[in-house]
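Quick notes on the structure that follows.
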2 protein chains.
Amino acid sequence: MDRIEATYYVETPYPLADAAAVMAGEQSSGTFVTIPGETEELKMHYAARVEQIEELEVVSQPSLSGEQLHFEKYYRGTITISWSLANFGTNLPVLCSTLMGNLYELRQFTGIKLIDVQLPDNYTSHFRGPKFGIRGTAELISNEAKTPLVGTIIKPSVGLTIADTADLVKKLTEADIDFIKDDELMGSTLNSPFADRVQAIMEVLNRHQDKTGKKVMYAFNISDEMDNMLRNYDTIVKAGGSCAMVSLYSVGLTAVKRIADIGHLTIHGHRNGWGMLNRHPLLGVSFSAYQKLWRLAGVDQLHVNGIRNKFWESDESVVSSIKACLTPMAGVLPALPVLSSGQWGGQAIDTYKLTQTTDYLYLAGGGIMAHPGGISGGVSAIKQAWGAAVAGLTLDEATQKYPAVQQAVEKFGKSK
Amino acid sequence: MDRIEATYYVETPYPLADAAAVMAGEQSSGTFVTIPGETEELKMHYAARVEQIEELEVVSQPSLSGEQLHFEKYYRGTITISWSLANFGTNLPVLCSTLMGNLYELRQFTGIKLIDVQLPDNYTSHFRGPKFGIRGTAELISNEAKTPLVGTIIKPSVGLTIADTADLVKKLTEADIDFIKDDELMGSTLNSPFADRVQAIMEVLNRHQDKTGKKVMYAFNISDEMDNMLRNYDTIVKAGGSCAMVSLYSVGLTAVKRIADIGHLTIHGHRNGWGMLNRHPLLGVSFSAYQKLWRLAGVDQLHVNGIRNKFWESDESVVSSIKACLTPMAGVLPALPVLSSGQWGGQAIDTYKLTQTTDYLYLAGGGIMAHPGGISGGVSAIKQAWGAAVAGLTLDEATQKYPAVQQAVEKFGKSK
């Protein structure tokens, strides 16, 4: 296969075949009249091609405003379009503009969402992808590290002094945590300049490693201008760190790939802003599709929300994102799915049931920091809950067996 | 003022004040329980603050899915939140994560759209902004260049050989065009490698300049990986070009700023993908708000769609985007609004009426290429239509006065 195929879930007042032709036209020659120079031969090689159309439900009200006219019926269905690899080579931003560009503006559609993209092996094999991925991330922590890796976010997100942050990191390492991260709102602030924060935290982590052999992974948020990101990255490398965090949508595909290409640190991909691109069922892009581009760019760890999260996303959608991250692409490693948002261990059993894997980075903020048994109780509760999940216990059984899990259920269980 | 203020249009089943508190919490400490370390003093300095709430309509159906429960009423209104500058310094990606981050995921909202952001002067003055802007762009073309600058897009977008492209460029320059651009789907293809395309096109443009003194501006699409973008940029500079085009959302804020910072070329900001972020009235971000970040990043020319465009966007929304690009920010130039999408000159009169300015880059694809009088007729029709607009003529009067305008109305007028 030398073509990239994308499938869209659409809604349109026009026959699906006509709407599909408009879409393919916009994403090839893109003007409103036939123009000289657009020969049949040229079209054959470079034009987008409609591969498949599947009709689904018919509705009477449009999901999004489009044509100003009123229609009786709006047709929903899927449209699959393909492009020749010759159109973009291995240029990810141009692929992105092709898959997710002007087509969202088309008035002929009252709904359009990219739900999947098929990348041929002879395309993906040009990319290194995640350098570390799941196993590489675990091994950087310790040879004995097992998934799920348990992590937390420094809270309060913004405002803690460096001394307080280092002190909190120390407590977290003593509680046997695997991973800690900056909040995405935390870059470099007056009372916590980036380089100083890295020094102070890595001193704690390096000392802990000398003592125990375990290198707790800390994801420093390097998101910034390009030169600052490169300098921040170097600062982490020189201090002996193992992870850099990037806010994918705030930083963008080009700079994220530049950073991931360096290859000394694991890349923790935070997906804040994602709701804009996905929250409407007939607008934007599914995470299953988009994560392929971020993996090609080299992101090792990808946020996917969590089961019974505090946000709006359904468990079904979360499970679909998890499975996508774990699905192999030729030559490109899976990304380690990062579970977060209102997680405290209680979701471990259902998460395992739904996905049959422990290959996660499981992040809990309040679930660890506010556990009645302290930080150590919070970490234990999560590890025990996952142990129970793999052993096939119910949450009730886990509660009876593990006092820390019982405390967590009492404190956090009511909010769910 | 040492705070950044953002105003959101929201919908929620909860009292607006409660929902606003959730939003401010998520965008500061961001967890689901109160945690140790979050002192009052720290909150005072670093927490987001709810500045204002305005109640608007009440509706019975949610715009987006949120809480799984059913509610009788959903309250709409605006919520204004502020953050201390100390939280992010001049880090644009972290500002972006703060303004447009996790808050779209909150289940307490069934609609959330960033509609405006107020950046204090002592913030914007840290940024150079567009190096060239409106006047700088015009002057690079010629000392006599007047707005609106008239431009076109190479069509077919993808597939033309370099020789055919150069030939088309020659015809366009002979028709006295001001500006030409690559299509956003065109990067570097097998039959049109980037560097060779630049050489061939700049040879034509440089020769034209030698003859006429006018340097037609060509926006080469440099969107790609970081190192390729830098190399592409250099290729343009060395060949004597004056403009680089970037696909804003495909490339991202960090890399776009890196490119704009160089300062040798004007930066043409294409907004393909924008529909995802704006098409729903209660999701995403308004262009008026977002264009401020792109201007801070240094983009000189910004796409804003056009009056009676071929896309879904209303004229009212287009006018609002135009006015936003032209509104001064302390220390930062306005961006040149780029009008495009189904433009052929006929919209000039209404565009001028609605905005009272000619400070535009006016792009027509089919409107120029498929004009009955050829390319030259297409360019003339647009320039004449704008002349008529400024002179206060109606379209009928312009049609009677200018044969090229009449031909355009006959060919394209029916599609509107």
Top-ranked residue of the stretch B:258-290 - restricted to ones that are among the polar types (S, T, N, Q) and in contact with a strand residue (DSSP E or B) (Cβ under 6 Å, 6 or more places away or on another chain), ranked as surrounded by the fewest Cβ atoms within 10 Å (Cβ to Cβ): B:SER286
Any residue that is assigned by the TED database to the domain that holds B:THR137, more than 15 Å from the chain's Cα centre (by Cα) and not acidic (Asp, Glu) - is there at least one of those in the stretch B:285-306? no
Can you tell me which of B:ALA348, B:ALA370, B:ALA391 is among the small types (Gly, Ala, Ser), touching a Phe, Trp or Tyr at 6+ places or on another chain (Cβ under 6 Å) and over 24 Å from B:TYR290 (Cα atoms)? B:ALA348
Within the stretch A:52-79, residues modelled with pLDDT under 95 and among the hydrophobic types (A, V, I, L, M, F, W, C) come out as A:LEU64, A:LEU69, A:PHE71
All-but-one check, B:ASN143 against (1) crowded, with 18+ Cβ neighbours inside 10 Å; (2) more than 8 Å from every other protein chain (Cβ to nearest Cβ); (3) of a type in the set (S, T, N, Q); (4) assigned to a loop (DSSP other than H, G, I, E, B), failing number (1)
Search result, residues across the stretch A:225-241 that are within 13 Å of A:ALA255 (Cα to Cα) and among the aliphatic types (A, V, I, L, M): A:MET226, A:MET229, A:LEU230
What is the residue count in the stretch A:1-36 for residues that are at pLDDT 80 or above and in a loop (DSSP other than H, G, I, E, B)? 5
Within the stretch B:291-309, take every residue that is without any contact (Cβ under 8 Å) to a residue 60 or more places away in the chain and not polar (S, T, N, Q) and give me the one that is nearest to the other protein chains (Cβ to nearest Cβ). B:HIS303
Filter the stretch A:220-253 for residues that are under 16 Å from A:GLY298 (Cα atoms) and in contact with a Leu (Cβ under 8 Å, 6 or more places away or on another chain); which is surrounded by the most Cβ atoms within 10 Å (Cβ to Cβ)? A:VAL251
I need every pair where a residue in the stretch B:314-325 that is under 11 Å from B:THR357 (Cβ atoms) has its Cβ under 6 Å from the Cβ of a residue that is among the β-branched types (Val, Ile, Thr) and outside any helix (DSSP H, G or I), sequence separation at least 6 or different chains. B:ILE322/B:VAL304
For the stretch B:220-264, which residues satisfy the criterion of being in contact with a Cys (Cβ under 9 Å, 6 or more places away or on another chain) and either more than 15 Å from B:ARG295 (Cα to Cα) or outside the structural domain of B:PHE179 (by the TED database) (or both)? B:PHE220, B:SER223, B:ILE236, B:SER250, B:VAL251
Starting from the stretch B:64-84, take each residue that is touching a residue at least 24 places away in the same chain (Cβ under 8 Å) and away from chain A (no Cβ under 12 Å) and list its partners that are aromatic (Phe, Trp, Tyr) and part of a loop (DSSP other than H, G, I, E, B), counting only C-beta distances under 7 angstrom and pairs at least six apart or across chains. none
Please work out if A:SER97 is touching a Phe, Trp or Tyr at 6+ places or on another chain (Cβ under 9 Å), surrounded by 24 or more Cβ atoms within 10 Å (Cβ to Cβ) and within 20 Å of B:GLY273 (Cα to Cα). yes
Does any residue of the stretch A:204-212 turn out to be touching a Ser or Thr at 6+ places or on another chain (Cβ under 6 Å) and within 14 Å of chain B (Cβ to nearest Cβ)? no
I need a count of the residues in the stretch A:233-289 that are more than 21 Å from B:GLY284 (Cβ to Cβ), among the aromatic types (Phe, Trp, Tyr) and at the interface with another protein chain (Cβ under 9 Å from one of its Cβ atoms). 0
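Considering only the stretch B:167-183, state which residues are part of a helix (DSSP H, G or I), within 13 Å of chain A (Cβ to nearest Cβ) and either touching an Asp or Glu at 6+ places or on another chain (Cβ under 7 Å) or basic (Lys, Arg) (or both). Working first, answer last.
Taking the stretch B:167-183 first, the residues part of a helix (DSSP H, G or I) are B:167-174.
Checking which are within 13 Å of chain A (Cβ to nearest Cβ) leaves us with B:167-169, B:171-172.
Matches in the stretch B:167-183: B:LYS171 only.
Is there a residue in the stretch B:117-126 that is surrounded by 16 or more Cβ atoms within 10 Å (Cβ to Cβ), assigned to a strand (DSSP E or B) and either within 14 Å of chain A (Cβ to nearest Cβ) or touching a residue at least 12 places away in the same chain (Cβ under 8 Å) (or both)?
Looking only at the stretch B:117-126, we keep the residues that are surrounded by 16 or more Cβ atoms within 10 Å (Cβ to Cβ), and these are B:117-119, B:123-124.
Right, trim to assigned to a strand (DSSP E or B) and you get B:117-118.
Now restrict to residues that are either within 14 Å of chain A (Cβ to nearest Cβ) or touching a residue at least 12 places away in the same chain (Cβ under 8 Å) (or both): B:117-118.
Scanning the stretch B:117-126, I find at least one residue that is surrounded by 16 or more Cβ atoms within 10 Å (Cβ to Cβ), assigned to a strand (DSSP E or B) and either within 14 Å of chain A (Cβ to nearest Cβ) or touching a residue at least 12 places away in the same chain (Cβ under 8 Å) (or both), so the answer is yes.
I'd like to verify a number: residues in the stretch B:184-210 that are of a type in the set (Asp, Glu) and crowded, with 24+ Cβ neighbours inside 10 Å, how many? Outline the logic, then answer.
If we filter the stretch B:184-210 for residues that are of a type in the set (Asp, Glu), which is where we start, we get B:184, B:196, B:203, B:210.
If we keep only those that are crowded, with 24+ Cβ neighbours inside 10 Å as well, we get B:184.
Final tally of qualifying residues: 1.
The values are calculated or read from the model by the stated rules, or taken from the named source; none is laboratory data. Just so you know, these numbers come straight off a predicted model, no measurement behind them. Reconstructed Cβ throughout: ideal geometry from the backbone, glycine too, with neighbour counts over all protein chains shown.
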